[in-house]
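In what follows, a structure is listed as C-alpha coordinates, so that the remarks can point back to it.
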Amino acid sequence: MSRSRCAVCSTLLGIALVWAGPSASQPSIVFSVSGDQALSYPASIHYLPDEHTTIMPARGAAVARAAARQPGAYNFFVAMANQVRNVIYGDAFVLQSADLRHFVFAPGFGDPQHGGAVFWPAHRVGGSCAYAGVTHFDEQYAAPGSVVQDPTLPPGNLIMIYEAEIHCPTAAKGMAAGWVSIGVTRSSNGGRTWPPPIVQPGLENDWLEYGDGRYAGITLPGTPPRTVTNEFLGNALPSAFVDDMDPSGEYYIYVPYQFTGAPGVKADARIHMARAKLGDRSGHHEAGQLHFTKWHGGGWTQQGRGGLEDGVNPPCAASSGEGNAQIAYNDALQRYMMTFVCTTYRCASAGKCEATEASLYFSTATSLTVQDWTPPQRIENSTYPRLPQPKGGWIMDGGYPSFVSPDCKEGHLGLSGSVFLLKGNPLGERQFISRSFTIRPATPIVERAPALAIGCSPPR
(Lines give C-alpha, C1' and ligand atoms only; values in the text may rest on other atoms or scores of the structure.)
Protein backbone atom coordinates (compact mmCIF):
# COMPACT_ATOMS: atom_id res chain seq x y z
CA MET A 1 0.00 0.00 0.00
CA SER A 2 2.82 2.44 -0.71
CA ARG A 3 0.92 5.64 -1.29
CA SER A 4 2.02 7.81 -4.17
CA ARG A 5 1.69 11.51 -3.44
CA CYS A 6 3.96 12.72 -6.25
CA ALA A 7 0.95 13.50 -8.43
CA VAL A 8 -0.55 15.68 -5.73
CA CYS A 9 2.71 17.55 -5.22
CA SER A 10 3.60 18.00 -8.88
CA THR A 11 0.21 19.57 -9.57
CA LEU A 12 1.11 22.32 -7.10
CA LEU A 13 3.14 23.86 -9.90
CA GLY A 14 0.04 25.90 -10.74
CA ILE A 15 1.86 28.27 -8.40
CA ALA A 16 -0.19 30.71 -6.30
CA LEU A 17 0.74 34.35 -6.77
CA VAL A 18 -2.28 36.65 -6.38
CA TRP A 19 -5.14 36.98 -3.90
CA ALA A 20 -8.00 39.47 -3.77
CA GLY A 21 -10.28 37.85 -1.20
CA PRO A 22 -11.39 39.01 2.25
CA SER A 23 -9.24 38.85 5.37
CA ALA A 24 -9.53 39.80 9.02
CA SER A 25 -6.73 41.42 10.97
CA GLN A 26 -4.20 38.88 12.19
CA PRO A 27 -3.70 38.57 15.95
CA SER A 28 -0.19 39.34 17.11
CA ILE A 29 1.18 35.98 18.22
CA VAL A 30 4.29 33.83 17.95
CA PHE A 31 3.43 30.28 16.90
CA SER A 32 6.30 27.80 17.16
CA VAL A 33 7.03 24.07 17.28
CA SER A 34 9.74 22.01 18.94
CA GLY A 35 12.10 19.56 17.32
CA ASP A 36 10.97 16.07 16.33
CA GLN A 37 9.97 13.59 19.03
CA ALA A 38 10.17 9.88 18.23
CA LEU A 39 7.07 7.73 18.71
CA SER A 40 6.86 4.01 19.46
CA TYR A 41 4.34 1.73 17.71
CA PRO A 42 4.07 -1.91 16.55
CA ALA A 43 6.66 -3.03 13.98
CA SER A 44 3.95 -4.41 11.69
CA ILE A 45 2.78 -0.89 10.88
CA HIS A 46 3.80 0.64 7.53
CA TYR A 47 3.14 3.94 5.70
CA LEU A 48 2.04 5.77 8.86
CA PRO A 49 0.69 8.41 8.51
CA ASP A 50 -0.91 8.39 5.06
CA GLU A 51 -3.45 11.17 5.68
CA HIS A 52 -4.33 13.45 8.58
CA THR A 53 -4.67 11.92 12.05
CA THR A 54 -7.70 12.27 14.35
CA ILE A 55 -7.10 12.18 18.11
CA MET A 56 -10.11 11.49 20.36
CA PRO A 57 -10.47 10.55 24.04
CA ALA A 58 -10.98 6.81 24.40
CA ARG A 59 -14.24 6.97 26.35
CA GLY A 60 -14.17 3.70 28.26
CA ALA A 61 -10.43 3.71 28.82
CA ALA A 62 -10.50 7.36 29.91
CA VAL A 63 -13.12 6.63 32.56
CA ALA A 64 -11.18 3.63 33.89
CA ARG A 65 -7.91 5.55 34.03
CA ALA A 66 -9.55 8.57 35.67
CA ALA A 67 -10.86 6.29 38.41
CA ALA A 68 -7.29 5.00 38.90
CA ARG A 69 -5.95 8.58 38.81
CA GLN A 70 -3.95 7.92 35.68
CA PRO A 71 -3.82 10.02 32.48
CA GLY A 72 -6.65 9.35 30.06
CA ALA A 73 -6.12 7.27 26.93
CA TYR A 74 -6.64 8.57 23.41
CA ASN A 75 -7.73 6.82 20.24
CA PHE A 76 -5.93 7.77 17.03
CA PHE A 77 -7.86 7.23 13.78
CA VAL A 78 -5.09 6.86 11.20
CA ALA A 79 -4.51 5.99 7.56
CA MET A 80 -1.79 3.34 7.30
CA ALA A 81 -1.08 -0.29 6.44
CA ASN A 82 -0.57 -3.28 8.68
CA GLN A 83 1.45 -6.35 7.73
CA VAL A 84 0.03 -9.67 8.91
CA ARG A 85 1.82 -12.88 7.81
CA ASN A 86 3.43 -11.15 4.81
CA VAL A 87 0.13 -9.64 3.65
CA ILE A 88 -0.30 -5.85 3.68
CA TYR A 89 -3.73 -4.59 4.73
CA GLY A 90 -5.12 -1.00 4.65
CA ASP A 91 -6.55 1.58 4.96
CA ALA A 92 -8.10 2.89 8.26
CA PHE A 93 -6.96 1.73 11.70
CA VAL A 94 -7.35 2.83 15.31
CA LEU A 95 -4.33 3.10 17.59
CA GLN A 96 -4.38 3.97 21.28
CA SER A 97 -1.98 5.83 23.57
CA ALA A 98 -2.04 7.00 27.17
CA ASP A 99 1.00 9.27 26.90
CA LEU A 100 0.88 10.36 23.22
CA ARG A 101 4.25 8.69 22.70
CA HIS A 102 3.70 4.91 22.87
CA PHE A 103 1.00 3.28 20.72
CA VAL A 104 -0.81 -0.04 20.55
CA PHE A 105 -3.74 -1.20 18.47
CA ALA A 106 -6.89 0.04 20.23
CA PRO A 107 -8.64 -2.84 22.07
CA GLY A 108 -12.00 -3.76 20.58
CA PHE A 109 -11.32 -2.13 17.20
CA GLY A 110 -10.46 -3.76 13.89
CA ASP A 111 -11.57 -6.69 11.77
CA PRO A 112 -9.05 -9.58 11.87
CA GLN A 113 -10.15 -10.62 8.35
CA HIS A 114 -8.80 -7.27 7.15
CA GLY A 115 -5.58 -7.16 9.16
CA GLY A 116 -7.11 -5.15 12.00
CA ALA A 117 -8.50 -2.37 9.79
CA VAL A 118 -11.83 -0.75 10.68
CA PHE A 119 -12.46 0.54 7.13
CA TRP A 120 -11.19 -0.56 3.72
CA PRO A 121 -11.87 -0.37 -0.05
CA ALA A 122 -13.47 -3.01 -2.19
CA HIS A 123 -10.13 -3.99 -3.79
CA ARG A 124 -6.63 -3.75 -2.39
CA VAL A 125 -4.13 -1.38 -3.94
CA GLY A 126 -2.19 -3.06 -6.71
CA GLY A 127 -4.79 -5.78 -7.17
CA SER A 128 -6.45 -6.86 -10.37
CA CYS A 129 -8.87 -4.57 -12.20
CA ALA A 130 -10.64 -7.60 -13.69
CA TYR A 131 -13.81 -7.33 -11.60
CA ALA A 132 -17.42 -7.08 -12.72
CA GLY A 133 -19.70 -4.09 -12.30
CA VAL A 134 -19.21 -0.36 -11.94
CA THR A 135 -16.02 1.04 -10.42
CA HIS A 136 -17.06 2.91 -7.28
CA PHE A 137 -15.58 6.20 -6.15
CA ASP A 138 -13.43 4.46 -3.48
CA GLU A 139 -12.72 1.18 -5.24
CA GLN A 140 -8.95 1.04 -4.60
CA TYR A 141 -8.31 3.38 -1.65
CA ALA A 142 -10.46 4.56 1.27
CA ALA A 143 -8.72 6.12 4.27
CA PRO A 144 -9.71 8.83 6.73
CA GLY A 145 -8.72 12.41 6.63
CA SER A 146 -10.78 13.11 9.78
CA VAL A 147 -13.26 11.48 12.12
CA VAL A 148 -15.61 13.82 14.02
CA GLN A 149 -18.50 13.52 16.45
CA ASP A 150 -21.89 14.57 15.08
CA PRO A 151 -23.07 17.06 17.75
CA THR A 152 -26.71 16.60 16.79
CA LEU A 153 -26.61 12.91 17.79
CA PRO A 154 -25.60 11.07 21.00
CA PRO A 155 -21.90 10.46 21.77
CA GLY A 156 -20.34 7.73 19.63
CA ASN A 157 -22.11 8.82 16.44
CA LEU A 158 -19.11 9.63 14.28
CA ILE A 159 -18.66 10.95 10.76
CA MET A 160 -15.63 9.94 8.70
CA ILE A 161 -14.47 12.23 5.89
CA TYR A 162 -12.09 10.19 3.77
CA GLU A 163 -9.96 10.18 0.64
CA ALA A 164 -11.46 7.90 -1.98
CA GLU A 165 -9.51 6.82 -5.06
CA ILE A 166 -10.02 4.96 -8.33
CA HIS A 167 -6.96 3.43 -10.02
CA CYS A 168 -8.59 1.24 -12.66
CA PRO A 169 -7.85 0.87 -15.53
CA THR A 170 -4.26 0.64 -14.32
CA ALA A 171 -1.91 3.42 -15.46
CA ALA A 172 1.84 3.14 -15.91
CA LYS A 173 2.18 5.59 -13.00
CA GLY A 174 0.28 3.23 -10.71
CA MET A 175 -1.05 5.04 -7.64
CA ALA A 176 0.30 8.31 -9.01
CA ALA A 177 -2.56 8.42 -11.54
CA GLY A 178 -6.28 8.08 -11.02
CA TRP A 179 -9.49 9.81 -9.98
CA VAL A 180 -9.90 11.00 -6.40
CA SER A 181 -13.01 12.11 -4.52
CA ILE A 182 -13.96 12.79 -0.90
CA GLY A 183 -16.08 10.13 0.74
CA VAL A 184 -18.46 10.26 3.68
CA THR A 185 -19.57 7.52 6.05
CA ARG A 186 -20.84 7.10 9.62
CA SER A 187 -20.40 4.90 12.66
CA SER A 188 -22.88 4.68 15.55
CA ASN A 189 -20.59 2.73 17.92
CA GLY A 190 -17.65 5.06 18.43
CA GLY A 191 -15.81 4.04 15.28
CA ARG A 192 -15.57 0.31 15.96
CA THR A 193 -17.42 -0.56 12.77
CA TRP A 194 -18.23 1.32 9.55
CA PRO A 195 -20.24 0.36 6.44
CA PRO A 196 -18.33 -2.14 4.26
CA PRO A 197 -17.98 -1.69 0.48
CA ILE A 198 -20.97 -3.87 -0.34
CA VAL A 199 -23.42 -2.48 -2.90
CA GLN A 200 -27.10 -2.61 -1.97
CA PRO A 201 -29.64 -3.90 -4.52
CA GLY A 202 -30.60 -1.30 -7.10
CA LEU A 203 -27.34 0.65 -6.85
CA GLU A 204 -25.07 -1.72 -8.75
CA ASN A 205 -24.44 0.90 -11.47
CA ASP A 206 -24.22 4.01 -9.28
CA TRP A 207 -20.52 4.87 -8.92
CA LEU A 208 -21.25 7.52 -6.23
CA GLU A 209 -22.64 5.31 -3.47
CA TYR A 210 -23.27 1.88 -2.00
CA GLY A 211 -26.65 2.54 -0.38
CA ASP A 212 -25.50 1.67 3.14
CA GLY A 213 -24.34 5.10 4.31
CA ARG A 214 -21.07 5.08 2.37
CA TYR A 215 -21.06 7.64 -0.45
CA ALA A 216 -19.12 10.33 -2.32
CA GLY A 217 -19.76 13.81 -0.94
CA ILE A 218 -17.32 15.96 -2.93
CA THR A 219 -16.34 15.19 -6.52
CA LEU A 220 -15.17 16.69 -9.79
CA PRO A 221 -17.69 17.42 -12.55
CA GLY A 222 -18.50 14.44 -14.73
CA THR A 223 -17.63 10.81 -14.20
CA PRO A 224 -14.30 8.96 -14.09
CA PRO A 225 -13.01 8.04 -17.55
CA ARG A 226 -13.28 4.42 -18.62
CA THR A 227 -9.87 4.58 -20.25
CA VAL A 228 -6.47 4.87 -18.57
CA THR A 229 -5.95 8.16 -16.70
CA ASN A 230 -2.32 9.27 -16.68
CA GLU A 231 -2.90 12.11 -14.21
CA PHE A 232 -4.02 12.29 -10.59
CA LEU A 233 -7.27 14.28 -10.82
CA GLY A 234 -9.80 15.30 -8.24
CA ASN A 235 -10.41 16.47 -4.68
CA ALA A 236 -7.81 15.06 -2.31
CA LEU A 237 -6.24 15.03 1.16
CA PRO A 238 -9.27 16.20 3.17
CA SER A 239 -9.66 16.91 6.86
CA ALA A 240 -12.82 17.98 8.69
CA PHE A 241 -13.98 20.37 11.42
CA VAL A 242 -17.42 20.70 13.02
CA ASP A 243 -18.12 24.37 13.74
CA ASP A 244 -19.77 24.58 17.14
CA MET A 245 -18.99 28.30 17.53
CA ASP A 246 -21.16 29.80 14.77
CA PRO A 247 -23.34 32.51 16.37
CA SER A 248 -26.31 31.38 14.26
CA GLY A 249 -26.59 28.21 16.33
CA GLU A 250 -26.24 26.05 13.23
CA TYR A 251 -23.78 23.17 13.01
CA TYR A 252 -21.77 22.86 9.81
CA ILE A 253 -19.01 20.41 8.96
CA TYR A 254 -16.21 22.11 7.00
CA VAL A 255 -13.82 20.15 4.77
CA PRO A 256 -10.57 21.78 3.60
CA TYR A 257 -8.90 19.84 0.79
CA GLN A 258 -6.59 20.03 -2.23
CA PHE A 259 -7.72 20.33 -5.84
CA THR A 260 -5.30 18.26 -7.92
CA GLY A 261 -6.77 19.19 -11.28
CA ALA A 262 -9.62 18.15 -13.57
CA PRO A 263 -9.71 17.12 -17.23
CA GLY A 264 -8.44 20.20 -19.04
CA VAL A 265 -8.02 22.20 -15.80
CA LYS A 266 -4.75 22.58 -13.91
CA ALA A 267 -4.40 22.57 -10.13
CA ASP A 268 -4.19 26.01 -8.55
CA ALA A 269 -1.90 25.26 -5.57
CA ARG A 270 -4.52 26.57 -3.13
CA ILE A 271 -6.65 25.20 -0.32
CA HIS A 272 -10.26 24.58 -1.30
CA MET A 273 -13.27 24.21 1.00
CA ALA A 274 -16.67 22.53 1.14
CA ARG A 275 -19.30 22.43 3.88
CA ALA A 276 -22.52 20.65 4.81
CA LYS A 277 -25.17 21.40 7.40
CA LEU A 278 -25.60 18.93 10.27
CA GLY A 279 -28.42 20.60 12.21
CA ASP A 280 -28.67 23.13 15.03
CA ARG A 281 -28.37 23.48 18.79
CA SER A 282 -32.13 23.17 19.29
CA GLY A 283 -31.92 19.49 18.40
CA HIS A 284 -32.69 19.66 14.67
CA HIS A 285 -30.79 17.00 12.71
CA GLU A 286 -30.30 16.88 8.95
CA ALA A 287 -31.51 13.43 7.96
CA GLY A 288 -30.04 11.37 5.13
CA GLN A 289 -26.86 12.09 3.24
CA LEU A 290 -24.84 15.22 3.92
CA HIS A 291 -25.34 17.78 1.17
CA PHE A 292 -22.06 19.61 0.51
CA THR A 293 -21.55 22.91 -1.25
CA LYS A 294 -18.18 24.14 -2.53
CA TRP A 295 -16.66 27.57 -2.07
CA HIS A 296 -16.51 29.34 -5.44
CA GLY A 297 -16.52 32.99 -6.45
CA GLY A 298 -16.59 34.24 -2.88
CA GLY A 299 -19.47 32.13 -1.58
CA TRP A 300 -21.00 28.67 -1.13
CA THR A 301 -22.31 28.69 -4.66
CA GLN A 302 -21.50 25.26 -6.13
CA GLN A 303 -22.67 21.71 -5.51
CA GLY A 304 -20.28 19.38 -3.68
CA ARG A 305 -20.86 16.73 -6.29
CA GLY A 306 -19.56 18.10 -9.56
CA GLY A 307 -19.50 21.81 -8.81
CA LEU A 308 -16.81 24.34 -9.66
CA GLU A 309 -14.38 25.47 -6.96
CA ASP A 310 -11.57 27.82 -6.08
CA GLY A 311 -9.23 28.71 -3.21
CA VAL A 312 -10.28 30.29 0.06
CA ASN A 313 -7.11 31.83 1.50
CA PRO A 314 -4.25 34.10 0.42
CA PRO A 315 -1.14 32.33 -0.94
CA CYS A 316 1.47 31.48 1.68
CA ALA A 317 4.31 32.85 -0.48
CA ALA A 318 5.34 33.55 -4.05
CA SER A 319 6.27 30.40 -6.00
CA SER A 320 4.54 28.15 -3.50
CA GLY A 321 1.90 25.49 -3.09
CA GLU A 322 -0.48 24.88 -0.18
CA GLY A 323 -1.99 21.68 1.17
CA ASN A 324 -2.55 19.31 4.10
CA ALA A 325 -4.88 21.84 5.77
CA GLN A 326 -6.60 21.40 9.13
CA ILE A 327 -9.07 23.71 10.92
CA ALA A 328 -9.62 24.10 14.66
CA TYR A 329 -11.11 26.77 16.91
CA ASN A 330 -8.55 28.39 19.21
CA ASP A 331 -10.41 29.26 22.40
CA ALA A 332 -7.62 31.47 23.76
CA LEU A 333 -7.51 33.61 20.60
CA GLN A 334 -11.26 33.36 19.97
CA ARG A 335 -10.55 32.66 16.31
CA TYR A 336 -10.67 29.83 13.85
CA MET A 337 -7.18 28.64 13.00
CA MET A 338 -6.13 26.85 9.84
CA THR A 339 -2.75 25.10 9.76
CA PHE A 340 -1.22 23.70 6.59
CA VAL A 341 1.95 22.86 4.66
CA CYS A 342 3.47 25.51 2.41
CA THR A 343 5.93 24.12 -0.14
CA THR A 344 8.45 26.51 -1.69
CA TYR A 345 9.57 26.08 -5.31
CA ARG A 346 12.64 27.28 -7.20
CA CYS A 347 11.72 27.99 -10.80
CA ALA A 348 14.48 28.04 -13.40
CA SER A 349 11.96 28.94 -16.11
CA ALA A 350 8.24 28.88 -16.73
CA GLY A 351 6.89 25.45 -15.98
CA LYS A 352 10.24 24.12 -14.71
CA CYS A 353 10.10 24.30 -10.93
CA GLU A 354 11.66 22.22 -8.19
CA ALA A 355 10.40 21.93 -4.61
CA THR A 356 13.15 22.99 -2.21
CA GLU A 357 11.60 23.14 1.26
CA ALA A 358 8.34 22.86 3.18
CA SER A 359 7.13 24.75 6.23
CA LEU A 360 4.08 24.73 8.47
CA TYR A 361 1.94 27.84 8.18
CA PHE A 362 -1.15 29.18 9.90
CA SER A 363 -3.96 31.61 9.17
CA THR A 364 -6.89 32.75 11.31
CA ALA A 365 -10.48 33.76 10.62
CA THR A 366 -13.39 35.23 12.51
CA SER A 367 -16.04 33.49 10.40
CA LEU A 368 -16.07 30.26 8.44
CA THR A 369 -19.26 31.41 6.72
CA VAL A 370 -17.40 34.20 4.90
CA GLN A 371 -13.93 32.55 4.97
CA ASP A 372 -12.13 35.75 6.03
CA TRP A 373 -8.70 34.15 6.38
CA THR A 374 -5.75 36.37 7.25
CA PRO A 375 -2.51 36.33 5.24
CA PRO A 376 -0.65 33.13 6.20
CA GLN A 377 2.31 33.23 8.58
CA ARG A 378 5.11 30.72 9.02
CA ILE A 379 5.17 28.62 12.18
CA GLU A 380 8.60 29.08 13.72
CA ASN A 381 11.10 26.15 13.62
CA SER A 382 8.97 24.25 11.09
CA THR A 383 11.01 24.63 7.88
CA TYR A 384 12.75 21.52 6.53
CA PRO A 385 14.29 20.74 3.11
CA ARG A 386 12.64 18.59 0.47
CA LEU A 387 15.23 16.06 -0.69
CA PRO A 388 14.59 14.10 -3.92
CA GLN A 389 15.36 10.39 -3.88
CA PRO A 390 17.05 8.55 -6.77
CA LYS A 391 14.46 5.74 -6.79
CA GLY A 392 11.46 8.04 -6.63
CA GLY A 393 9.80 10.27 -4.12
CA TRP A 394 11.48 12.61 -1.70
CA ILE A 395 12.34 12.96 1.97
CA MET A 396 10.36 15.52 3.95
CA ASP A 397 9.69 16.34 7.59
CA GLY A 398 6.24 17.70 8.37
CA GLY A 399 3.52 16.07 6.23
CA TYR A 400 -0.15 15.83 7.26
CA PRO A 401 0.21 18.07 10.36
CA SER A 402 -2.49 17.19 12.90
CA PHE A 403 -2.66 19.57 15.87
CA VAL A 404 -4.25 18.74 19.21
CA SER A 405 -4.43 20.23 22.70
CA PRO A 406 -5.22 16.98 24.53
CA ASP A 407 -7.13 18.45 27.48
CA CYS A 408 -9.31 20.70 25.32
CA LYS A 409 -12.68 20.06 23.76
CA GLU A 410 -12.47 18.08 20.52
CA GLY A 411 -11.79 20.35 17.57
CA HIS A 412 -10.51 23.13 19.85
CA LEU A 413 -6.97 24.28 20.60
CA GLY A 414 -5.33 26.20 23.41
CA LEU A 415 -1.95 27.87 23.63
CA SER A 416 0.01 24.61 23.66
CA GLY A 417 -0.24 20.97 22.68
CA SER A 418 1.16 18.49 20.17
CA VAL A 419 1.26 18.13 16.41
CA PHE A 420 1.60 14.70 14.77
CA LEU A 421 3.36 14.47 11.40
CA LEU A 422 4.96 12.42 8.64
CA LYS A 423 8.75 12.21 8.46
CA GLY A 424 10.26 10.31 5.53
CA ASN A 425 9.22 9.43 2.00
CA PRO A 426 5.53 10.00 1.16
CA LEU A 427 5.98 7.42 -1.62
CA GLY A 428 7.34 4.74 0.69
CA GLU A 429 8.44 4.09 4.24
CA ARG A 430 8.10 6.89 6.73
CA GLN A 431 7.92 7.60 10.45
CA PHE A 432 5.09 8.85 12.63
CA ILE A 433 6.52 11.66 14.78
CA SER A 434 5.30 14.50 16.96
CA ARG A 435 6.38 17.96 18.03
CA SER A 436 5.11 20.15 20.82
CA PHE A 437 3.67 23.55 19.90
CA THR A 438 3.27 26.82 21.74
CA ILE A 439 1.38 30.00 20.90
CA ARG A 440 2.58 33.17 22.62
CA PRO A 441 0.25 36.19 22.28
CA ALA A 442 1.86 39.64 22.31
CA THR A 443 -0.73 40.81 24.86
CA PRO A 444 -2.23 38.83 27.76
CA ILE A 445 -5.22 36.65 26.98
CA VAL A 446 -8.38 37.39 28.94
CA GLU A 447 -9.42 34.13 30.58
CA ARG A 448 -13.02 33.06 30.14
CA ALA A 449 -14.63 30.52 32.46
CA PRO A 450 -14.57 27.65 32.26
CA ALA A 451 -11.07 27.64 30.83
CA LEU A 452 -7.95 25.58 31.37
CA ALA A 453 -4.54 27.09 32.01
CA ILE A 454 -3.74 26.91 28.28
CA GLY A 455 -6.81 29.00 27.49
CA CYS A 456 -9.19 26.42 26.07
CA SER A 457 -12.52 24.99 27.11
CA PRO A 458 -12.45 21.49 28.66
CA PRO A 459 -14.55 18.65 27.22
CA ARG A 460 -18.12 18.58 28.42
**Message:** Name the single residue that is surrounded by the most Cβ atoms within 10 Å (Cβ to Cβ) among those in segment 64-82 being outside any loop (DSSP other than H, G, I, E, B) and modelled with pLDDT under 95.
**Reply:** 65
**Prompt:** Out of segment 393-435, which residues are in contact (Cβ under 8 Å) with a residue 60 or more places away in the chain, of a type in the set (Val, Ile, Thr) and more than 18 Å from residue 101 (Cα to Cα)?
**Reply:** none
**Single unsatisfied condition, residue 331 versus (1) buried (at least 23 other Cβ atoms within 10 Å of the Cβ); (2) touching a His at 6+ places or on another chain (Cβ under 7 Å); (3) under 19 Å from residue 258 (Cβ atoms)** = (3)
**Prompt:** Somewhere in segment 97-113, is a residue under 22 Å from residue 239 (Cα atoms), modelled with pLDDT under 95 and in a strand (DSSP E or B)?
**Reply:** no
**Asked** Which is farther than 17 Å from residue 304 by Cβ, in contact with a Pro (Cβ under 6 Å, 6 or more places away or on another chain) and touching a residue at least 12 places away in the same chain (Cβ under 8 Å), of 198, 161, 182, 166?
**Response** 166
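Being assigned to a loop (DSSP other than H, G, I, E, B), of a type in the set (Gly, Ala, Ser) and in contact with a Phe, Trp or Tyr (Cβ under 8 Å, 6 or more places away or on another chain) is the filter here; which residues of segment 164-221 pass it?
Taking segment 164-221 first, the residues assigned to a loop (DSSP other than H, G, I, E, B) are 167-173, 177, 188-208, 210-214, 220-221.
Pick out the ones that are also of a type in the set (Gly, Ala, Ser) and you get 171-172, 177, 188, 190-191, 202, 211, 213.
The answer is 177, 191.
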**Residues satisfying the stated conditions in segment 214-253, i.e. of a type in the set (Gly, Ala, Ser) and within 30 Å of residue 367 (Cα to Cα)** = 216, 217, 234, 236, 239, 240, 248, 249
**Prompt:** In segment 149-163, which residues are assigned to a strand (DSSP E or B) and over 26 Å from residue 129 (Cα atoms)?
**Reply:** 149, 158, 159, 160
**Message:** So, in segment 283-295, how many residues would count as being over 19 Å from the mean Cα position of the chain (by Cα) and either of a type in the set (S, T, N, Q) or surrounded by 19 or more Cβ atoms within 10 Å (Cβ to Cβ) (or both)?
**Reply:** 1
**Residues satisfying the stated conditions in segment 242-276, i.e. surrounded by fewer than 23 Cβ atoms within 10 Å (Cβ to Cβ), of a type in the set (Gly, Ala, Ser) and in a loop (DSSP other than H, G, I, E, B)** = 248, 249, 261, 264
**Item:** Count of segment 404-437 residues which are part of a strand (DSSP E or B) and surrounded by 15 or more Cβ atoms within 10 Å (Cβ to Cβ)
**Value:** 19
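Would you check if residue 406 is out of contact with any Lys or Arg (no Cβ under 6 Å at 6 or more places or on another chain) and over 20 Å from residue 27 (Cβ atoms)?
Values: out of contact with any Lys or Arg (no Cβ under 6 Å at 6 or more places or on another chain): yes; over 20 Å from residue 27 (Cβ atoms): yes.
Yes, satisfied.
Residue 368: open to solvent by less than 30 Å² (accessible area, probe 1.4 Å), more than 21 Å from residue 146 (Cβ to Cβ) and not in a strand (DSSP E or B), yes or no? Give the steps one after another, and end with the answer.
Numbers: open to solvent by less than 30 Å² (accessible area, probe 1.4 Å): yes; more than 21 Å from residue 146 (Cβ to Cβ): no; not in a strand (DSSP E or B): yes.
So residue 368 fails the test.
Could you pull out the residue among 363, 416, 405, 434 that is at pLDDT 95 or above, in contact with a Cys (Cβ under 8 Å, 6 or more places away or on another chain) and not aliphatic (A, V, I, L, M)?
Numbers: 363 fails: in contact with a Cys (Cβ under 8 Å, 6 or more places away or on another chain); 416 fails: in contact with a Cys (Cβ under 8 Å, 6 or more places away or on another chain); 434 fails: in contact with a Cys (Cβ under 8 Å, 6 or more places away or on another chain).
Of the residues listed, the single one that is at pLDDT 95 or above, in contact with a Cys (Cβ under 8 Å, 6 or more places away or on another chain) and not aliphatic (A, V, I, L, M) is 405.
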**Message:** Here is a check on your reading of the model: is residue 346 within 30 Å of residue 223 (Cα to Cα), among the charged types (D, E, K, R) and surrounded by fewer than 24 Cβ atoms within 10 Å (Cβ to Cβ)?
**Reply:** no
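The values are calculated or read from the model by the stated rules, or taken from the named source; none is laboratory data. As the structure is a computational prediction, the values presented were derived from the model and not from experiment. Using ideal geometry, Cβ is built from the backbone for each residue, glycine included, and neighbour counts are taken over all protein chains shown. Note: accessible area is taken over every heavy atom of the protein model, side chains too, but ligands, DNA and RNA are not part of it. Shrake-Rupley method; radii C 1.70, N 1.55, O 1.52, S 1.80 Å.
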